[in-house]
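What follows is a set of notes on a single structure, which appears directly below.
Every number in this text was worked out from the coordinates using simple rules, so none of it is lab data. Owing to the predicted nature of the structure, the values given are computational and were not obtained by experimental measurement. Cβ coordinates were reconstructed from backbone atoms using ideal geometry, including for glycine residues, and neighbour counts include every protein chain displayed.
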Amino acid sequence: RDNGVVTSTEASEQLFDRARAVSPGGVNSPVRAFRAVGGTPIFMASGQGAWLTDVDGRRYVDLVGSWGPMLLGHAHPEVLAAVGDAVARGTSFGTPSEPEVLLAEEIVARASAESVRMVSSGTEATMSAIRLARGFTGRNKIVKFAGCYHGHVDALLAQAGSGVVTLGLPETPGVPSHVTADTIVLPYNDRAAVEAAFAEYGDQIACLITEAAAGNMGVVPPEPGFNQFLSEVCGRNGALFISDEVMTGFRVTRSGHWGLDGEREGWVPDLVTYGKVMGGGFPAAAFGGRRDVMEQLAPVGPVYQAGTLSGNPIATTAGLTTLRLADAAAYERLDSASSQLQGLVRDALDAAGLAYVLQNAGNMFSVFWGVDAPVTDFAGAQAQEAWRYKPFFHAMLDAGIYLPPSAFECWFVSAAHDEEALSRIAEALPGAARAAAQA
Ligand code: PMP
């Protein structure tokens with residue numbers, strides 16, 4: 001069954017029909033639909049390590065990792081055991097509890113924040129960080145970069161990446177123009193544009209938010225020194241620098257992308273957002289940063305922010321256990337699996353004679369199809385021959401490799417991607433690369 005012999009997607013198709021009857025598009029998040037690649041979304045039934053099994057009983061090597069959280073792979077036995085123990089003690093108390101303190105301590109010990117507040121999604125984290133920045137500075141304007149995605153926060157949906165670019169939506173109905181009127185959108189990696197925006201609006205800008213490394217228009221790393229530059233410009237202008245590490249946090253290093261630049265260069269973001277890995281597959285996220293800024297939050301300060309399930313004991317136990325298991329050896333396995341995989345992809349695409357650029361930010365990477373120069377911003381990302389991804393994706397899927405169903409998403413490897421998983425991918429790549437070349 002594993003070798004592509006069973007190709008039936010009957011059970012997925014039946015579930016998708018039922019799902020569409022009761023949910024818009026049959027999915028609870030647009031990126032899960034196969035709108036860009038065509039076909040029926042695969043309904044997964046279980047996961048184990050680097051592998052997923054669908055409702056038709058077919059196995060796949062997973063290169064989505066639940067869009068980032070599954071750093072250790074699926075169903076890690078120690079995470080399951082800790083979650084089982086926590087569940088047996090009750091699922092939510094609406095009071096402070098020990099796991100949320102332990103998780104906050106772990107985050108503060110690893111990362112660039114002095115103080116953190118837990119929330120339940122990356123969207124909530126960035127939304128709250130922006131409210132806090134506005135409350136702290138008494139200013140309204142915010143700066144973001146085209147192609148960066150920070151969740152579906154109204155003010156941040158302007159020229160956003162991820163599903164917004166996959167579906168080719170120029171703007172989102174339901175976001176009033178006065179809500180985005182204070183959002184300044186600039187090209188990523190463009191220092192002159194940042195200088196110009198601050199020269200004109202410097203005293204009105206509450207914050208600049210950026211992905212620590214852009215991963216939602218494909219992977220577009222910050223040019224060397226770019227984040228440091230942003231931090232300095234913000235500092236000079238009395239604006240807060242918000243580094244969105246929802247995707248990169250606790251993944252590309254034990255802290256996040258900050259471990260690849262800020263920690264070495266000696267700067268810290270004023271505020272930082274986390275999600276994905278820190279929830280271990282449960283809904284947990286956080287925003288944090290400078291203590292003086294964080295203490296503007298209620299109940300200490302006047303900026304209101306709250307959540308019934310914030311710091312939930314099950315979610316924080318899963319996240320804490322995941323982070324405790326994410327030791328130096330786990331990051332070595334993950335980085336090594338990712339670089340081996342990047343090598344395999346290059347070999348296959350080269351052999352097929354394709355023009356492409358493979359870009360990475362630490363162990364996160366993606367392929368830009370049909371381009372021959374590094375992609376540094378959203379315009380560059382959108383100039384790729386995204387249509388080549390459709391036959392590539394389906395050839396990989398048929399061969400039992402589950403990739404993100406969009407050319408604008410990052411490929412996620414886990415510490416559980418072992419030789420067996422990598423060799424399965426190696427077998428699948430050449431045929432898929434030829435399919436992309438012929439498209
Ligand atoms: N920020 C970044 C950088 C993200 O990648 C995402 C999700 N892909 C978010 C924020 C939003 O997180 P969530 O989907 O948990 O709301």
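Put a dot 7 Å past each Cα toward the Cβ at residue 17 and residue 309; how far apart are the dots in nm? A separation of 3.1 nm, rounded to one decimal place. Helix 10-22 and the longest principal axis of the Cα set of the chain meet at an angle near 40°.
Spatially, the range 275-309 and the range 58-80 are offset by 26 Å when compared through their Cα centroids. Which of rounded, prolate or oblate describes the range 1-157 when judged by the alpha-carbon gyration tensor and an a/c cut-off of 1.5? Since a/c reaches 1.5 but b/c is at least a/b, the shape of the range 1-157 is classed as oblate.
Neighbour counts of C-beta atoms inside 10 Å place 169, 186 in the sequence 169, 186, starting with the fewest.
Think of the chain as a dipole: +1 on every Lys or Arg Cβ, -1 on every Asp or Glu Cβ, centred on the Cα centre; then among 431, 204, 308, 308 lies furthest on the positive end. Look at where the Cα atoms of the range 17-52 and of the range 313-348 average out, and the two centres are 24 Å apart. Remark: the chain carries a charge dipole of roughly 640 debye about the Cα centre, counting +1 on each Lys and Arg Cβ and -1 on each Asp and Glu Cβ.
Across the chain, the fraction of Cα-Cα pairs farther apart than 38 Å, rounded to a whole number, is 19%. Both radii come from the Cα set of the range 338-402: Rg as radius of gyration, Rh as Kirkwood radius; their ratio Rg/Rh reads 0.95.
Relative to the longest principal axis of the Cα atoms of the chain, the long axis of helix 191-201 makes an angle of roughly 40 degrees. Farthest towards the positive end of the charge dipole of the chain, among the residues 192, 234, 28, is the Cα of 28, using unit charges on the Cβ of Lys, Arg, Asp and Glu. The Cα-based radius of gyration and maximum Cα-Cα distance (Dmax) for the range 6-93 are 15.4, 46 Å.
Which percent, to the nearest 5, of DSSP beta bridges fully inside the chain are antiparallel? Bridges in the chain are about 60 percent antiparallel. Rounded to the nearest Å, what's the spacing between the alpha carbon centres of the range 224-239 and the range 383-407? Just the number, please. If we compute the Cα centre of each part, the gap is 37 Å. Given axes a ≥ b ≥ c from the Cα gyration tensor, I'd like to know whether the range 7-46 is rounded (a/c under 1.5), prolate (a/b larger than b/c) or oblate. Oblate shape, in that a/c is at least 1.5 and b/c is the bigger or equal ratio.
Can you sort 74, 257 so the residue with the fewest Cβ neighbours within 10 Å comes first?
On the way: 74 22, 257 27.
Ranking 74, 257 by Cβ neighbours within 10 Å, fewest first, gives 74, 257.
Counting only alpha carbon atoms, the long axis of helix 122-137 and the longest principal axis of the chain meet at about 20°.
By the count of other C-beta atoms within 10 Å, a proxy for reagent exposure, 93, 34 are ordered fewest to most as 93, 34.
What does the C-alpha gyration tensor say about the overall shape of the range 222-367? Classify as rounded when a/c is under 1.5, otherwise prolate if a/b is larger than b/c, or oblate. Oblate, because a/c is 1.5 or more while a/b does not exceed b/c.
What area, in nm² and to one decimal, does the C-alpha convex hull of the range 115-259 cast on average over all directions? Could you put the intermediate results ahead of the total?
Details: hull surface 34.6 nm².
Averaged projected area of the range 115-259's Cα convex hull equals 8.7 nm².
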